[in-house]
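J.: Input: one structure, supplied below.
The values are calculated or read from the model by the stated rules, or taken from the named source; none is laboratory data. These numbers come from a predicted model, not from an experiment. Positions of Cβ are backbone-derived with ideal geometry, glycine not excepted, and every protein chain shown enters the neighbour counts. Note: accessible area is taken over every heavy atom of the protein model, side chains too, but ligands, DNA and RNA are not part of it. Shrake-Rupley method; radii C 1.70, N 1.55, O 1.52, S 1.80 Å.
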Amino acid sequence: MAAPLVLVLLVAVTIRAILYRSSLAALVSERVEVSSPLNAWKRVVEGLALLDLGVSPYSGALFHETPLIIYLFHFLIDYAELVFMITDMLTAVALYLAIQDYNKVLFKKQKLLLELGKYAPDATELIRTPMEMYYIPLKVALFYLLNPYTVMSCVAKSTCAINNTVIAFFILATIKGSTLLSAVFLALATYQSLYPLTLFAPALLYLLQRQFIPVKMKSKGFWLYTMQYAGLYLGSLVVIICLSFFLLNSWDFIPSVYGFILSVPDLTPNVGIFWYFFAEMFEHFSLFFVCVFQINVFFYTIPLAIKLKEHPMFFMFVQLAIISIFKSYPTVGDIALYMAFLPLWSHLYQFLRNVFILSCVLIVCSLLFPVLWHLWIYAGSANSNFYYAITLTFNIGQILLISDYFYAFLQREYYLIHGLLIRKDRTDIMLVLK
């Protein structure tokens, strides 16, 4: 499997290198679907210019990246293209290794449940085979590296690519069962964009499974391990934030980064749902609705944790999708990360109901984004309603796609336990109008 992965990496590097040398690089970097006020490369350059002049990069209203990012590029600005290509390669390799290890764990768990008679005798056709699972890690790496969303983010030098790398290493550390590294990378991901905080729950559930600790409120082992993981996570986060303070000798980055994410003051159009809604809203209502919109990302964590406590990896996939849909400044790079996991759930295809239609919706919306932007901004023959309509359709398509996968996952788990006979005997209800 190493040779195909190396081949995919070489192809991905070649595509990015060619695009960096083309006229498309400047065009893509200006696209609002690819770069947001949080992660746009031109804002990083602006912050670096202020830093070189001895002025705090957070003294203005343009720079909203974290201090560690600006100091990283302070030393590597001349190798920025190489840095972004390496981060994409590292993300793909981390995902490849993570899914490879996860498949081994999943196969052992599946074998154990078969031996214990937990699965119905007639559900053998739903059991995953090693041959079926063999190429999934490569497909995941392929889906990430050659996804147009990922390529565009890399070419635009959006720092979203670095966030994805940190999250990929967090997933790898979690699946490997490393409590310390999982907590450290989760703290880094939270430090970068705040919303990965919601990944704490699926990571904890997965690590508890690895340690064979039952998820019970009355279990002493459960609370001890939870407190240990939470302590490592919070300790790592405090250390990273303090390091940022020592680099800048100021706390200005906290309101400029996290306050900016939560209060959504910049209403530059993007692929999210915030900008148009708050552009049209009266100012005295905005605080209430900002709170309502932000709660969306965190609200689903507890019910999903209850429903999917035995399946933390699928829980993590759903949570990544929720973050990319409901965060305040999303880009297509965020979407590329959770879409890379779709091959992992290829066994659910027979239960999916609308995957073809929804895939077409997402593709058509992606093609219409630049068209409607041109009609609105340059041609003047459309307005913001047109662009927001396609944005809304795009997000609804994502929500329906994830809902379809969620329903398919639960349906397969039900048939594994209760048997396929129920499925074959079931007759759908028909409404007859007379």
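J.: Ignoring ligands, DNA and RNA, what accessible area per residue does the chain give at 1.4 Å, in Å²?
T.: Numbers: 20770 Å² over 434 residues.
Counting only protein heavy atoms, the per-residue value for the chain is 48 Å².
J.: Hey, another quick one. In terms of solvent-accessible area of protein heavy atoms at a 1.4 angstrom probe, what is the ranking of LYS157, LYS327, LYS218, LYS109, highest value first?
T.: Working: LYS157 40, LYS327 15, LYS218 200, LYS109 75 Å².
Descending order: LYS218, LYS109, LYS157, LYS327.
J.: Just need the relative contact order of the chain here, percent rounded to a whole number, with Cα pairs under 8 Å and 6+ apart. Before the final figure, lay out the partial values.
T.: On the way: 509 pairs, mean separation 88.6, N = 434.
Relative contact order comes out at 20 percent.
J.: Which value, in Å² rounded to 10, gives the accessible area of TRP373 with a 1.4 Å probe and all protein chains present?
T.: 40 Å²
J.: What part of the accessible area of the chain, given as a whole %, is carbon or sulfur when the probe is 1.4 angstrom? Walk me through the intermediate numbers first.
T.: On the way: 14780 of 20770 Å².
Here carbon and sulfur together make up 71 percent of the probe-accessible area.
J.: From the square roots a ≥ b ≥ c of the eigenvalues of the alpha-carbon gyration tensor of the stretch 211-299, which class results: rounded (a/c under 1.5), prolate (a/b over b/c), or oblate? It would help to have the intermediate numbers written out before the result.
T.: Working: a/c = 3.45, a/b = 1.54, b/c = 2.24.
Oblate.
J.: Quick check: from the Cα gyration tensor, does the stretch 117-236 come out rounded (a/c under 1.5), prolate or oblate? Write out the running numbers ahead of the final one.
T.: On the way: a/c = 2.90, a/b = 1.08, b/c = 2.68.
Because a/c hits 1.5 or more and a/b fails to exceed b/c, the stretch 117-236 counts as oblate.
J.: Using helices alone, I'd like the mean residue ellipticity at 222 nm for the chain: each DSSP H run of four-plus residues gives -39500 (n - 2.57), total over residue count, nearest 500.
T.: Calculated at 222 nm, the ellipticity per residue is -22000 deg cm²/dmol.
J.: Any chance you could look up the accessible area of MET227 with a 1.4 Å probe, heavy atoms only, rounded to 10 Å²?
T.: That residue has around 130 Å² of solvent-accessible surface.
J.: Cα centroids of the stretch 61-104 and the stretch 221-283: how far apart, whole angstrom?
T.: A separation of 19 Å, based on Cα centres.
J.: So for PHE185, PHE277, PHE143, PHE282, what's the accessible-area order with a 1.4 Å probe, most first?
T.: Working: PHE185 50, PHE277 75, PHE143 95, PHE282 140 Å².
Reading off the accessible areas and sorting them downward yields PHE282, PHE143, PHE277, PHE185.
J.: Please list, short to long, the whole-number percent of alpha-carbon pairs of the stretch 1-115 in consecutive 10 angstrom bins beginning at zero.
T.: Final binned percentages: 11, 29, 28, 17, 10, 4, 1.
J.: Largest first, how would ASP101, ASP52, ASP404 line up by accessible area (1.4 Å probe)? All intermediate terms of the calculation are to be shown ahead of the outcome.
T.: On the way: ASP101 30, ASP52 105, ASP404 5 Å².
From most exposed to least exposed: ASP52, ASP101, ASP404.
J.: Compute the Cα gyration tensor for the stretch 91-188, then decide on rounded, prolate or oblate, letting a ≥ b ≥ c be the square roots of its eigenvalues: rounded whenever a/c is under 1.5, prolate when a/b is larger than b/c in the other cases, and oblate in all that remain.
T.: On the way: a/c = 3.61, a/b = 1.77, b/c = 2.05.
Judged from the Cα gyration tensor, the stretch 91-188 comes out oblate (a/c at least 1.5, b/c at or above a/b).
J.: If you count, for each residue, the other Cβ atoms within 10 Å and average over each peptide, how do 294-307, 311-324, 168-181 line up from highest to lowest? Walk me through the numbers on the way to the answer.
T.: Numbers: 294-307: 14.7, 311-324: 23.5, 168-181: 21.4.
Going from most to least packed, we get 311-324, 168-181, 294-307.
J.: Follow-up question, since we're still on this one. Between helix 67-76 and the chain, what is the angle of the helix's C-alpha long axis to the longest principal axis, kept within 0 to 90° and rounded to the nearest 10?
T.: 70 degrees
J.: Still on this structure: Rolling a 1.4 angstrom probe over the protein chains, ignoring ligands and nucleic acids, what is the accessible area of GLU46 in square angstrom, nearest 10?
T.: Surface accessible to solvent at GLU46 totals approximately 80 Å².
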